[in-house]
Amino acid sequence: MSDIISQYRISTAPYYRPVADEVELFQAAYSVRMPMMLKGPTGCGKTRFVEYMAYTLGKPLITVACNEDMTASDLVGRFLLDAQGTRWQDGPLAIAARYGALCYLDEVVEARQDTTVVIHPLTDNRRVLPLEKKGELIKAHSDFQLVISYNPGYQSLMKDLKQSTKQRFGALDFNYPAHEVETEIIAHETRVTVEVASKLVSIAERARNLKGHGLDEGISTRMLIYAGSLIVAGVDAKNACRVALVRPITDDPDMRDALDAAVMTFF
Ligand code: ADP
């Protein structure tokens, strides 16, 4: 296999704690090369899940963090000028389609709509990617699969995926895991005790109840892992929670007080 693609192979098994039947469903979706959409709030395990699935399926994984400045060329490729003249450079989507990788477009809704339509011909039975500037039509490798993530909380009327895009994907719902499962994940990832991990999860649960009542987004599993890591590094638990859980998500003084109070309840 080409050197280009071998760098995208995942060599060690990522730790992923299945929450429901998402692993089996994804395997079935991959067996028919169904494009998949992972829906859920930020920091709840979507990226880790894709890494785990790519490793389990034995396929390389190319991840692209989408943003509003992204153009179709950033995905597909472009001509570059160098000393020898111009040469074509495949973008991440073209590499994945050509060599047979999973391509994960993280927060695809951030990209402009004209960018998202480049994925359309890859997500129906044509499975092709036209490189219009180069005059080439890539027929996707049989191992290729497209996966996107989508945070339903962020969407507004101005920014959403078109129905014509959405309907090209199967979807799996992700959310913060149940208390015991999330505790297990935090303890595994940070090496805090199960008791401390469970307290961190309890604080997050309080904050998640405030979503829509002054908080845009709850405290994520990722943030709990930051807090746990600080505790393991010797930071006092209350300070660790302030730095990793409370300060990042709100600037509102009342909301900070409410969250600080939740921290004091448990530590
Ligand atoms: P997302 O892609 O949804 O924003 P991530 O996959 O980056 O979130 O998750 C953040 C962190 O939470 C991961 O790095 C991982 O440590 C942890 N995590 C969340 N859910 C799980 C899970 N089910 N199994 C293992 N780790 C998890």
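The values are calculated or read from the model by the stated rules, or taken from the named source; none is laboratory data. Quick caveat: nothing in here was measured; it's all calculated off a predicted structure. Neighbour counts are summed over all protein chains in view; Cβ atoms, including those assigned to glycine, are modelled from backbone coordinates with ideal geometry. When the accessible area is computed, the model is the full protein with side chains, heavy atoms only, and any ligands, DNA or RNA have been set aside. Shrake-Rupley method; radii C 1.70, N 1.55, O 1.52, S 1.80 Å.
Considering only GLY234, GLY218, GLY40, the mean-square fluctuation computed in a Gaussian network model of the chain, springs between alpha carbons under 10 angstrom, is largest for GLY234.
What number results when the radius of gyration of segment 129-267, computed over Cα atoms, is divided by 2.2 N^0.38 Å?
Relative to the rule-of-thumb radius for its length, segment 129-267 sits at 1.40.
Only alpha carbons enter this Debye calculation for segment 135-199, each as an equal point scatterer, and the log10 of I(q)/I(0) it gives at q = 0.18, 0.29 Å⁻¹ is -0.86, -1.22. Which percent of Cα-Cα pairs in segment 49-121 sits in each 10 Å bin, short to long? Spelled out bin by bin, segment 49-121 gives 19, 44, 29, 8, 0 percent.
Here the Karplus curve 6.51 cos²θ - 1.76 cosθ + 1.60, taken at θ = phi - 60°, turns the phi angles of segment 131-139 into couplings of 9, 4, 5, 8, x, 10, 10, 7, 8 Hz, with x standing for Gly and Pro.
Counting heavy atoms of the protein chains only and a 1.4 Å probe, report the per residue accessible area for the chain as a whole number of Å². Before the final figure, lay out each step's value.
On the way: 13120 Å² over 267 residues.
Per-residue accessible area for the chain comes out at 49 Å².
How large is Rg/Rh for the chain, to two decimals, with Cα atoms and a Kirkwood Rh?
Working: Rg = 20.8 Å, Rh = 20.2 Å.
We get a ratio of 1.03 for the chain.
For the cross-link pairs LYS199/LYS238; LYS39/LYS166; LYS46/LYS211, the ones whose C-alpha atoms lie over 18 Å apart are LYS46/LYS211. Cα centroid separation, segment 62-123 to segment 19-53: 21 Å. Here the chain is assigned +1 on the Cβ of each Lys and Arg and -1 on the Cβ of each Asp and Glu. Its dipole about the Cα centre then comes out at about 680 debye. Dividing the mean sequence gap of close Cα pairs (under 8 Å, 6+ apart) by how many residues the chain holds gives a relative contact order of 19 percent. Principal-axis analysis of the Cα atoms of the chain puts helix 221-232 at an angle of about 60° to the longest axis.
Of all trypsin sites (Lys or Arg not before Pro) in segment 76-119, which ones are in loop regions per DSSP and have a Cβ with at most 16 other Cβ atoms within 10 Å? Spell out each step's value before the answer.
Numbers: sites: ARG78, ARG87, ARG98, ARG112; in loops: ARG112.
Qualifying residues, ordered by number: ARG112.
The Rg/Rh ratio for segment 1-145, using Cα coordinates for both the radius of gyration and the Kirkwood hydrodynamic radius, is 0.97. Dividing the convex hull volume of the alpha carbon atoms of segment 69-164 by its residue count gives 107 Å³ per residue. Surface composition of the chain: carbon and sulfur atoms hold 52% of the protein heavy-atom accessible area at a 1.4 Å probe.
So for SER142, SER198, what's the accessible-area order with a 1.4 Å probe, most first?
Numbers: SER142 80, SER198 35 Å².
The residues order as SER142, SER198, largest area first.
What 222 nm value per residue comes from the helices of the chain, counting each DSSP H run with n ≥ 4 as -39,500 (n - 2.57) and dividing by all residues, nearest 500 deg cm²/dmol? Display every interim value, and only then the final one.
Values: 12 runs with 106 residues, N = 267.
Counting only the DSSP helices, I get -11000 deg cm²/dmol.
For the pair ASP252 and ASN175, the difference between a 0.36 nm per residue extended length and the Cα-Cα distance amounts to 25.2 nm.
Note on the chain: with a GNM built from Cα contacts shorter than 10 Å, the maximum mean-square fluctuation among LEU75, LEU215, LEU224 falls on LEU215.
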